[in-house]
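**Student:** One structure coming up, written as structure tokens, with questions to follow.
Bear in mind that the values in this text are calculations on the coordinates, not laboratory data. What you see is a predicted model; the values in this text were computed from it and never measured. In this analysis, Cβ positions are derived from the backbone assuming ideal geometry, glycine residues included, and neighbour counts consider all displayed protein chains.
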Amino acid sequence: MTVSAFIMPLIAVGVFGWGLYKKVDIFEAFTEGAAENLKTAAGLLPTLCFLMLGVGMLRASGGTEALCLALAPLCQSAGFPPECLPLALLRPVSGSGALSILEGILKEKGPDSFAGRVASVLMGSTETTFYTIAVYFGAAGIEKSRRALLAALAGDVTAFLLSALAVRIFLG
């Protein structure tokens with residue numbers, strides 16, 4: 001067995017031991033924390049439902065395909081493979097949806113193709129921006145996220161373009 005198999009049990013025993021040492025009612029502290037986290041989750045649920053509904057509607061309506069067709073010439077001139085456009089559009093919104101698109105690119109084009117490599121680098125170097133902002137800002141009670149969203153999306157666009165450049169430079 002590896003050491004990693006014992007990490008979580010050691011942390012649990014450590015927390016329990018520390019609570020006993022500090023004479024804290026561990027069960028009461030646990031139930032209070034669980035109740036507070038359930039309230040936080042309930043507060044985030046409408047935002048997450050709206051986000052998932054919006055993504056589903058955009059994909060089902062053909063909006064992503066139309067957007068990809070409109071942006072394809074611009075991406076080709078920037079050296080970004082058009083096959084990766086659906087991934088670039090969905091990655092800021094949905095990690096699982098982006099993972100399924102990545103899988104399709106890797107199956108269709110191959111992992112060693114330019115598109116496969118760019119998609120892999122893009123997937124590893126970007127974040128689910130809207131999801132992250134919705135969850136963390138919602139949990140912290142931050143209502144004005146305009147500037148943070150613009151900065152995060154600028155970072156995403158930079159990562160999209162630089163993923164293709166990095167693949168060209170480092171992987172040929």
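**Student:** To the nearest 10 degrees, how steeply does helix 4-21 sit against the main Cα axis of the chain, on a 0 to 90 scale?
**Tutor:** 40
**Student:** So how much slack lies between residue 140 and residue 25, counting 0.36 nm per residue of separation and subtracting their Cα-Cα distance, in nm? Don't skip to the end; give the middle numbers.
**Tutor:** Working: separation 115, 0.36 × 115 = 41.40 nm, distance 2.70 nm.
Here the answer is 38.7 nm.
**Student:** While we're here: Taking the Cβ of each residue in 160, 30 as the centre, tally the other Cβ atoms inside 10 Å and list the residues starting with the fewest. Intermediate values should be presented prior to the final figure.
**Tutor:** On the way: 160 24, 30 12.
By the 10 Å Cβ count, ascending, the order reads 30, 160.
**Student:** Cut-off is 10 Å between beta-carbons; in what order do 52, 123, 57 appear when sorted fewest neighbours first?
**Tutor:** Details: 52 15, 123 20, 57 10.
Neighbour counts put them in this order, fewest first: 57, 52, 123.
**Student:** Sequence neighbours fewer than 8 away in the same chain don't count; with that in mind, list the lysines whose C-alpha is under 29 Å from residue 22.
**Tutor:** 39
**Student:** Moving to a separate point now. Testing the spin-label approximation: label points 7 Å from Cα along Cα→Cβ at residue 150 and residue 49. State their distance in nm.
**Tutor:** 3.2
**Student:** Using only helices, what value at 222 nm comes out for the chain when you add -39,500 (n - 2.57) per DSSP H run of length 4 or more and divide by the total residues, to the nearest 500 deg cm²/dmol?
**Tutor:** Numbers: 8 runs with 141 residues, N = 172.
Computed mean residue ellipticity for the chain: -27500 deg cm²/dmol.
**Student:** Here is a follow-up. At what distance in nm do the modelled label points of residue 7 and residue 108 sit from each other, each positioned 7 Å from its Cα along Cα→Cβ?
**Tutor:** Result: 3.6 nm between the two label points.
**Student:** Can I ask one more? How much length is gained on full extension from residue 15 to residue 127, taking 0.36 nm per residue of separation minus their Cα-Cα distance? Display every interim value, and only then the final one.
**Tutor:** Numbers: separation 112, 0.36 × 112 = 40.32 nm, distance 3.16 nm.
Full-extension gain reported as 37.2 nm.
**Student:** In straight Cα distance, which aspartates and glutamates are under 19 Å from residue 109, not counting same-chain residues fewer than 8 positions off?
**Tutor:** Once the sequence-local aspartates and glutamates are set aside, what remains near residue 109 is 65, 83.
**Student:** Okay, next question. Using only the alpha carbon atoms of the chain, find the Kirkwood hydrodynamic radius as the inverse mean reciprocal pair distance, in angstroms to one decimal. Walk me through the numbers before you get to the answer.
**Tutor:** Numbers: mean 1/r = 0.0523 Å⁻¹.
Final number for the Kirkwood radius of the chain is 19.1 Å.
**Student:** For residue 144, list the lysines whose Cα falls under 16 Å from its own Cα; do not include residues on the same chain fewer than 8 positions away.
**Tutor:** Those lysines meeting the cut-off do not exist here.
**Student:** Out of the trypsin sites (Lys or Arg not before Pro) in the range 83-172, which ones are loop residues according to DSSP with at most 10 other C-beta atoms within 10 Å? Kindly include the intermediate steps, with their values, before the conclusion.
**Tutor:** Details: sites: 107, 109, 117, 144, 146, 147, 168; in loops: 144.
Sites meeting the loop and neighbour criteria: 144.
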